[in-house]
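A short reminder: the numbers here are calculations on the coordinates, not readings from a lab. Note that the coordinates shown come from a computational prediction; the quantities given were computed from them, not determined experimentally. Heads up, the Cβs are rebuilt from the backbone with ideal geometry, glycines too, and the neighbour counts pull from every protein chain shown.
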Amino acid sequence: MSAAAPSLQPLIDSLLAGDRRALSRAITRIEEGRHDVIAVMEQLWERRQGAAVLGVTGPPGAGKSTFVDRLVVRLRDQQHRVAVLAVDPSSPFSGGAILGDRIRMQRHAADPEVFIRSLGTRGHHGGLTRTTLESAVLCAAAGFDRVVIETVGVGQTELEIVGVADQVVVLLVPESGDVIQTMKAGLLEGADVFGVNKADRPGVDELVRELRAMAAMGRGAAGGEVPVFPVSATEGRGLDPLLNELTSRLDSGARPLRGLNPRGLVARIVGEERARLGRGRALDALGAGGALEDLGRQLEEARVNPYGVVRALLEHWQS
Ligand SMILES: Nc1nc2c(ncn2[C@@H]2O[C@H](COP(=O)(O)OP(=O)(O)OP(=O)(O)O)[C@@H](O)[C@H]2O)c(=O)[nH]1
Ligand SMILES: [Mg+2]
């Protein structure tokens, strides 16, 4: 095991001691795509053991945050330390907070055993899957043994984001009917449990029937039939059966990072790092004292065609 850069050791030590600010700072480094994250991850990877990751996904406004707030109450009742990561795939910048999520989970803000963080990617490296995975592992390393990931979406791509989760709850509402029609296959493959939220409104029974029929025909993420629960997250109605199902699944059969394809992960990270190194080499070659410094200068003065310079660089490396 290689140690992280010495300057990072205090951050890692604070994180391992459960310090939420250190955890948040470490996650920011992930979002920024810092190179040193790899050494940090290497050092902390084994610490994911014992933590369970729960994905909550569904269309915008389905009530995910309201549900997560209730889920956190339940997990805290069970003495778990809970981290909530709210992912917004539509925005590359998290800025640290999504207002609605914060408001709906406000009552946990003062609880030192709860960590709430919005997650974005600055778009340079890795993308959201890697950001989510690495942040979840850091939460586990900081002693949060239940990590809840809230993410918008019902399509295959969005479900990939929670591919790192041990259990995935897909939360739907009657208004999302059209979405369901187009997303059936992806929905079923990605879900362990369906919640049909806003059951205090009309239209829920029909959607529950439709989902149950769909679930009976296919296989969910874990290979079994996916249970469907009508709930009202705001009123708390019908929530207990769903929460019982979820927590008992997490307690008994959590499979850390179930959806992870380790070969794919390594291949992707190596690709990213090589690209980064390649960029560095190209800049060196074109910079002061570099083999192609003259070309770099001409590029700056717009006297050469950039694509011609790319060709020259590639030829330079091949020779
Ligand atoms: N009637 C009713 N409204 C609900 C229920 N659950 C949530 N809502 C409302 O739906 C709105 C959206 O709730 P959120 O919890 O923010 O939904 P979300 O899925 O997290 O939304 P995004 O993160 O923006 O995608 C809020 O106004 C909630 O009060 C419910 O069970 N019944
Ligand atoms: Mg939300």
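Here are a few things to note about the model shown:
- In nm, spacing of pseudo-spin labels at residue 312 and residue 288 (7 Å Cα→C-beta vector): 2.0 nm
- The relative contact order of segment 263-318 comes to 18 percent, based on Cα pairs under 8 Å that sit 6 or more residues apart.
- Local electrostatic count, residue 114, Cβ distance below 11 Å [Lys/Arg +1, Asp/Glu -1]: +3
- Efficiency of FRET from Cβ geometry, residue 109 and residue 49, R₀ 30 Å, rounded to 0.05: 0.55
- The Rg/Rh ratio of segment 263-318, with Rg taken over Cα atoms and Rh as the Kirkwood radius over Cα pairs, comes to 1.11.
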